[in-house]
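Report on the structure given below.
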Amino acid sequence: MLLIYGANGYTGRLVVEECVRRGIRPILAGRQRAVLEPLALAYGLDVRVAALTAAHSAGPRPTPHGTLPASPSAELLAILEGITVVLHCAGPFVHTSAIMVQACLAAGAHYLDITGEISVFEACRQQDLAARQRGTVVLPGVGFDVVPTDCLAMRLAEALPGGSLLELAFAGGGGVSRGTLKTMLLNGSGGAIRREGTIVPVPTAWRTRTIPFHDRPRTAVTIPWGDVSTAQWSTRIPTIHTYIALPTAARIGMRLQSVAQPLLHLPGLRRFLERQIDRRVAGPDAVARSRATMQLWGRVTHPDGRGIEGTAVTPEGYRFTALAAVESARRLLSTPPAPGYHTPATAFGSHFLESLPECRVTLGPISRG
C-alpha cells in the first residue's frame, strides 16, 4: 500500500493524478482533513490525517551515525499502519523529512521523497545502517531533483571509471511552485560544492561557465543542487560542481540575494514573504507543463585529462517529478532494491531515466568548446 503525505500540495496533486492514471490507488495523508477530502472524493481515495510531530516525552537521540530527532508521535505512526511505501511530498523537506524518515523506520515502511536539499540528502544518508537493520529503503530525491542528473552522472562514471571531477547542469522549465520558491528563497544559505570528498560552502553563483546543452549552449552558474550530496554516493567521484543556466538578470539577482540573505532570517520578513508567495505564485499550469522540457548536461574528467560528457532531455520538471516519483513508488511496492540508503541510480540503475516517458540520454566525447 502506498501513502502520499502532502498530497494536497502542488506537486502532491500531480503525483496523485499520475497514480490514478496508472491504476495505483494511494492513501492520501497530511495535516488537515478539510484540504485532503476534496481531492480524495474526486478519485475515490482514502484519507489519513496526522501532523509531523514527535512524541512529547522523547528528545533527540544521539547515535554513532548522527543525532536522530525525537521519536514519532503515536498519531503519526498510526497513519503508517499497513503501509509499504511512503511518498513524502510535504516540504520544505529540511523541516519535515527527518521525523517522517524516523516514522518509516519505526513502521518498517520504505521512504521516498521529492527533495532537492543537500542537508536532507545528507541526513537521509546517515540512516543507511538503521534502514538496513530495519529492512527498509530510504530513497530521497525521486523527482526532478535528482533523478535525471543522478542517472546521467552514473552513466558517465560507468563510461569513464576513475573520474576525479563531475560537473552537472540543467536548464529549462515552465515556472516554480510555492513550495519550491519558499525553499529557494527562505532556506538558502549560499552555494556548495564537493571538493575531494567533502561538501564545502562557496559564495552564491561561485563560478560561471558556458554549458553545451543538447539544444544550444547557455551561460550557467553554480548552485547547491542536490547532486553535490547524492552523486558522490552514486559515482564515488570526489569533486562535484552543479550548475543552473540563467539569463543575465537572474544571475545578478542571485548575487544580490546572497547579500540580503541575513535579512530573510527575520521572522516578520519571512512571514511577509511567505504570504506574498502564497498569494501570487501558483506554479506552472497544465499547458506549460505539457510544452516545456528540461535540458541536462554532465561531464566526467579523469585525472589523466580524458573526459566524457553527455546530455539528457526530459519533460518539464514538475511533470517529470510526478512520472518519476510514481514509477519509483511502483518499483518499491513490487521489487524493492536492497535495504539501506539509496539514490535513484543506485536503487534502479543508471538507465532508469531512459525508462521514463519522453526522456533521452546521449553520451559522447568531451567537447572542446
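So L333 passes all but one of these: (1) within 21 Å of T136 (Cα to Cα); (2) in contact with a helix residue (DSSP H, G or I) (Cβ under 8 Å, 6 or more places away or on another chain). Which condition number does it fail?
(2)
Sort through S71, S57 and tell me the only one that's modelled with pLDDT under 95 and buried (at least 18 other Cβ atoms within 10 Å of the Cβ).
Only one candidate qualifies: S71.
Quick check on region 149-169: of everything there that is part of a helix (DSSP H, G or I) and among the acidic types (D, E), which residue is nearest to G305 (Cα to Cα)?
Looking at residues that are part of a helix (DSSP H, G or I) and among the acidic types (D, E), I get E158.
Residues in region 1-40 that are exposed (fewer than 15 other Cβ atoms within 10 Å of the Cβ) and either touching a strand residue (DSSP E or B) at 6+ places or on another chain (Cβ under 6 Å) or free of Cβ contacts under 8 Å to residues at least 12 places away in the same chain (or both): how many?
Qualifying residue count for the region: 5.
For the structure I just gave you, tell me whether A312 is buried (at least 22 other Cβ atoms within 10 Å of the Cβ) and either at positive phi or outside the structural domain of P217 (by TED's automatic domain parsing) (or both).
No, not satisfied.
Can you name the residue in region 261-307 that is at pLDDT 70 or above, in a helix (DSSP H, G or I) and of a type outside the set (A, V, I, L, M, F, W, C) and is also farthest from P92 (Cα to Cα) among such residues?
This residue is R291.
Can you tell me which residues in region 5-37 are part of a helix (DSSP H, G or I) and within 10 Å of A90 (Cβ to Cβ)?
T11, G12
Find the residue count for region 74-126, including only residues that are out of contact with any strand residue (DSSP E or B) (no Cβ under 9 Å at 6 or more places or on another chain) and either in a helix (DSSP H, G or I) or not assigned by TED's automatic domain parsing to the domain that holds E18 (or both).
So the answer is 5.
The values are calculated or read from the model by the stated rules, or taken from the named source; none is laboratory data. Note that the structure is a prediction, hence the values are computed from the model and not measured. All Cβ positions, glycine included, derive from the backbone under ideal geometry; neighbour counts span all protein chains shown.
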